[in-house]
Structure formats: C-alpha cells, structure tokens
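Take a look at the structure below.
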Amino acid sequence: MSARPESLRTPRSPYGGVLQILRFNWPSYGLALILCAAAGSYMSVARQPSAVVAATILPAACLAAFWSLASLGASHLVYDRSKIADGSWIDLALPSQPLSIANFHAGLDETSARLFERFPSARLTTFDFHHPDAMTEPSIGRARSISRTGAAPVRIHFGKIPLGDGAEDAAFVVFAAHELRKSSERLLFFQELRRVLRPGGDLVVVEHMRDSWNLLAFGPGAFHFLARSLWLRLFSDAGFKLLGAFRVTPFVTVFRLRRVGETPPRP
C-alpha cells in the first residue's frame, strides 16, 4: 500500500506540464527544429529554389513547425490549464466515496497525489505496470527516468495484478493503458482490472483519442493513441459497462465504467 505523506504533490511552475512533455519527447522536437532551420537556411541562400525542395522539404518544414507549436500548445492547455492540471476532473469521474482505490500507471504517476487529497479516508494502492517488452516507445523510458513521485508504487505485470477477487471499490488508469500496444495485452489487463474490482465497482480511464482534434494538434503522433471505437470495444469485451464519458479540453476523454457480472475465478 502506498504511503500517505503530508505533502505528496510537489508544486510546479505554470508551464511545468508542457515542459515535461518537451523533456519526454525532445528528439521529435529537436528533429523538427533542425528541419525548419535547414529549410530556412536553404531559402536564405538559394537564389532559385529547386522544384523538389519547394514541393517536399518546405511543406514538410512548415508542417513540422505547425505540429510542434500546436502540440506544445495543446499540452499546455491539458496539463497546465485544465481540470487535468488541478485534479477537479476526479470529482466528475467518481462522485462517490470509495473505501479502497487502486491506481495504475506505467511510470509517470501524477494521479495518486490527487486521489490522496480527494479521498483521504480511502485505502489507496498505487501500481506500476510498465513492461519493457510490451511498452517499447522511447518516450516512456525517458519519462520513467525523469519523473519522481512521492508514493512508492507496487511493480506488477499487467496480466497479473496481486489483489484478491473483488478487492477494490474503484480503480484509475490515467494516460497509461494505451502504452500496451497489442490488443490482446490490453484485453488481458482490463480483464484483470475487472477481476480485482467488486461487482458494481468503478473504473476510470483517461486517454487522448485518435480523433480529428488530436490529429490536428499532434499530427502523426496522434496515431500513438487509440480510436474511441477501439476503447469501447475493449471495455465491453473485458466486462465493463460504460456509464458515461466527458471531455477535458477537446483533446482528452474521461471514461466512467462499471464492472458488471459475478467475479470470475482467476485462471
């Protein structure tokens, strides 16, 4: 079980969230900067730019500049200026007062502190389900090496949560489930989440969607996210009922789910 220190959450600057995103993904932003600089240098010295450059490199540089600025702007809006930043989204996602909560992350945990604040009488356990073979994105490795949290998580395998059947009233998975890239791995993880929740227990999942808003802001990076239809199919296949969903900014969706049916035996 996670410790409950008096001050778990470390205050950060008004731009702490976007700076964190920049640190996690600096190679992509660095490449975009180099491309823009190269295109600008070429245009400044070339008297007659070639048709190939005009048709390929210059548009690519413009798109790189646009998506770099747009993604940083969207990240600042989400992680520094929205209900995600101040934690008030939790009240909308889980208005009840659970006695026990399990929080799952893949190495970057900015939710446990908020849950401590909003549910002081609940038993909160924090789990880190990062698995290097299943989560191969380089940015998640950088995030894990940089991030520091005040609560020591329990390290687990995503397919075997060390909790009894029906042990928890509620569970949270925030910006983490999409890191399981295979549909079979995600299904196994959510089946385990269903098992450890009591009948009628609540699951809250927070994710960016692969949709027009995120494509506009993040460009090709949005393909790292999953489409809403895939999430809904996953929830249904794993034995969850969708109670509702709401957006926090146009870029983030919060799903409110309820575990249905009897507790399945562990295989």
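The values are calculated or read from the model by the stated rules, or taken from the named source; none is laboratory data. Remember, it's a predicted structure, so these values are computed and weren't measured experimentally. Glycine gets a Cβ as well: all are built from the backbone with ideal geometry, and neighbour counts include every protein chain shown. Ligands, DNA and RNA are stripped out before the accessible areas are found, and what is left, the full protein with its side chains, is counted by its heavy atoms. Shrake-Rupley method; radii C 1.70, N 1.55, O 1.52, S 1.80 Å.
What is the number of the single condition among (1) within 24 Å of residue 132 (Cβ to Cβ); (2) part of a strand (DSSP E or B) that residue 162 does not meet?
Of everything listed in (1) within 24 Å of residue 132 (Cβ to Cβ); (2) part of a strand (DSSP E or B), residue 162 misses just condition (2).
In the stretch 56-72, what count of residues is obtained for those that are open to solvent by 40 Å² or more (accessible area, probe 1.4 Å) and at pLDDT 85 or above?
6
Can you tell which of 219, 261, 244, 239 is under 27 Å from residue 81 (Cβ atoms) and open to solvent by 10 Å² or more (accessible area, probe 1.4 Å)? Steps first, please.
Numbers: 219 fails: open to solvent by 10 Å² or more (accessible area, probe 1.4 Å); 261 fails: under 27 Å from residue 81 (Cβ atoms); 239 fails: under 27 Å from residue 81 (Cβ atoms).
Of 219, 261, 244, 239, the one residue that is under 27 Å from residue 81 (Cβ atoms) and open to solvent by 10 Å² or more (accessible area, probe 1.4 Å) is 244.
Do you know which residues across the stretch 64-105 are in contact (Cβ under 8 Å) with a residue 60 or more places away in the chain and not in a helix (DSSP H, G or I)?
82, 94, 96, 98, 99, 100, 101, 102, 103, 104, 105
Which number in (1) farther than 30 Å from residue 69 by Cβ; (2) in contact with a strand residue (DSSP E or B) (Cβ under 6 Å, 6 or more places away or on another chain); (3) free of Cβ contacts under 8 Å to residues at least 24 places away in the same chain marks the one condition that residue 236 misses?
Every listed condition holds for residue 236 apart from (2).
Does the stretch 87-129 hold any residues that are among the aliphatic types (A, V, I, L, M), open to solvent by 10 Å² or more (accessible area, probe 1.4 Å) and either touching a Lys or Arg at 6+ places or on another chain (Cβ under 6 Å) or modelled with pLDDT of 95 or more (or both), and which are they?
92, 99, 113
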